Amino acid sequence: MAEAIHLQTPLKAEKLAELKTGDKVMISGTIYTARDAAHKRLVELLKEGKELPFDIEGAVIYYVGPAPAPPGRPIGSAGPTTSYRMDPYAPALMDVGLKGMIGKGPRSKEVIDSMIKNKAVYFAAIGGAAVVIADSIKEAEIIAYKDLGTEAIRKMRVENFPCIVANDVNGNDIFKEGVEKYRIQ
Amino acid sequence: MREINCSEIIPVVRKMCMDANFYIGDDVTEKLKEFYEKEESPTAKEVLKIIMDNNELAAEVKMPTCQDTGVAVVFVELGQEVHIAGGDFVGAINEGVRQGYKDGYLRKSMVADPIIERKNTKDNTPAMIYTDIVPGENLKITVAPKGGGSENMSEVKIMKAADGLDGVIEFVVDRVRRSGGNPCPPIVVGVGLGGNFEQSALLAKRALLRPLDDINPEPKWAEVEERMLVEINKLGIGPQGLGGRTTALAVKILHKPCHIASMPVAVNIQCHAARHKSAIL
């Protein structure tokens, strides 16, 4: 594969516009974690017109429920969870500034349409490569919903978090195009 | 009559919970290598390489290969000459799971109420325990941590006899097609045929315990497994659903007699973190 493209958070529109489905990227900076239960709460806050627990402008949300941190490490194994479960919530978050999502597996048409509208990108991390990914996470702290345990929202500082552009701002979808290319009739 | 004390069972289960999550079996590693060599998509090759590197690193640092350290599925073969002493057998297995998940820094992924409250039990119990009474005076315990992403793509269907073998193959392949990248391919496909509604599902799960490099001792079923594998790998889903030739590493079938009116078919999908450890006490 070609050399990786380095991205710094918060994500900038012009940089995102250059990304193409299939590009290998390395993300550095601050990212936030959230999965099913936290998404439900975030979207409830938006409905009530309340403030979110972090600045969502240009933010990246990583769909992960990490394993507990062993001694001497900021986090335990931390691979992506399956993204479709966040599909009902993702468009509302993109409408208020979310620019990047990291997870695994394909997204719904509604999410892809919202990515085109909001110029946001979905990155595929490698499911099950949880120790390799944990190695790119340098700091992690819970900033909201501690009661959710592994599902709490964490603020993470990452260096060269490896992923692949799955859906770009133009609506291309690696889960469709990649599979088409290798399917044998 | 042989006596086994619960206090002997707890540490064995504890260790297997950790070992299964830290160390991927050699059979899985070999299959990954084999498919890596054959893979044509550069992206897929890269993904397979990262998965293999990850598994090596996990074993080295003793961390779970995947953060989803699963539901603790426990299969027990209890010799009928064994007397379990010193407490409650199911309690001892759950205590082993509790200790293993705590001491191994494994993720606790169980919620007590499945629908309304969904509160985490915080110790990954209860385990899903299946006990068979067998001849002899041994106690064999297998711990197979099962992740949620791949379990979510599994299905039981009671088919008609008229659907025949072709219908079964079509259903299994279609189940994988509909799963796409969600269950973390490359997957292992456990297929349970026959029995009844619940037995077929259990057969499918047990099929996942077979070593990936074994060949079905019944040639006709070995052939069906091969046919299914070839069809699945024609789907193009590839590692993580990003496209490629490596969608499944293996298909494993177990079968049982069934009712004249029924043809139960269960598909249990396993992600590439195909983990299980066994111990004989």
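Coordinate-derived values only; no laboratory data. A quick note: this is a predicted structure, and the numbers were derived from the prediction, not measured. Cβ placement follows ideal geometry from the backbone for every residue including glycine, while neighbour counts extend to all protein chains displayed.
Points to keep in mind about this one:
- Summing Lys and Arg as +1 and Asp and Glu as -1 over all other residues whose Cβ lies under 12 Å from the Cβ of residue B:60 gives a net charge of -2.
- 10 Å Cβ shell holding at most 16 others, DSSP loop, trypsin sites (Lys or Arg not before Pro): longest site-free stretch of chain B: B:161-233
- Label point of residue A:24 set 7 angstrom out along Cα-Cβ; within the range A:161-185, amide nitrogens under 14 Å from it belong to A:161-165.
- In nm, spacing of pseudo-spin labels at residue B:62 and residue B:112 (7 Å Cα→C-beta vector): 3.2 nm
- Residues residue A:17 and residue A:109, FRET efficiency given R0 of 30 Å [Cβ-Cβ distance, rounded to 0.05]: 0.90
- DSSP bridge pairs, the range A:36-176: antiparallel proportion in percent, nearest 5: 55 percent
- Fewest neighbouring Cβ atoms within 10 Å first, the residues B:251, B:134 line up as B:134, B:251.
- Inter-label distance, residue B:40 to residue A:119: 3.8 nm, where each label sits 7 Å from its Cα along the C-beta direction.
- Overall size of the range B:149-274 from C-alpha positions, given as principal axis extents largest first: 42, 27, 23 Å.
- Given R0 = 51 Å, the distance between the Cβ atoms of residue B:140 and residue A:181 translates into a calculated FRET efficiency of 0.65.
- Of all DSSP beta bridges confined to chain B, the antiparallel ones make up roughly 55%.
- Greater than 18 Å apart at Cα, pairs in A:24/B:38; B:146/B:205; B:108/B:146; A:146/B:122; B:220/B:252; A:12/A:117: A:24/B:38
- Peptide A:149-161, shielding by other chains (average Cβ, 10 Å cutoff): 1
- Using equal-weight Cα scatterers in the Debye expression, the normalised intensity of the range A:1-41 in log10 at q = 0.20, 0.22, 0.28, 0.34 Å⁻¹ is -0.75, -0.82, -0.97, -1.15.
- Radius, Kirkwood style, for the range B:76-169 when every pair of distinct Cα atoms is counted (Å): 16.6 Å
- Solution diffusion estimate, µm²/s, Stokes-Einstein, the protein assembly as shown, Kirkwood Rh from C-alpha pairs, 37 °C, viscosity 0.692 mPa s: 144 µm²/s
- Karplus 3J(HN,Hα) series, Hz, for the range B:231-243 with 6.51 cos²θ - 1.76 cosθ + 1.60 (x for Gly, Pro): 4, 5, 6, 7, 5, x, 4, x, x, 6, x, 8, x
- Using the Cβ-Cβ distance between residue B:230 and residue B:83 with R0 set to 51 Å, the FRET efficiency from 1/(1 + (r/R0)^6) comes to roughly 0.55.
- Viscosity 0.890 mPa s, temperature 25 °C, Stokes-Einstein D of chain A from Kirkwood C-alpha radius, µm²/s: 150 µm²/s
- Highest GNM mean-square fluctuation among B:242, B:48, B:229, for chain B modelled with Cα contacts below 10 Å: B:242.
- Estimated distance in nm for a label pair at residue A:45 and residue A:157, the labels positioned 7 Å out from Cα along Cα-to-Cβ: 2.2 nm
- Each eigenvalue of the Cα gyration tensor of chain B, multiplied by 5 and square-rooted, gives one semi-axis; in descending order these are 31, 24, 17 Å.
- Across chain B: Cys residues that no other cysteine approaches within a C-beta distance under 4.7 Å: B:6, B:17, B:66, B:258
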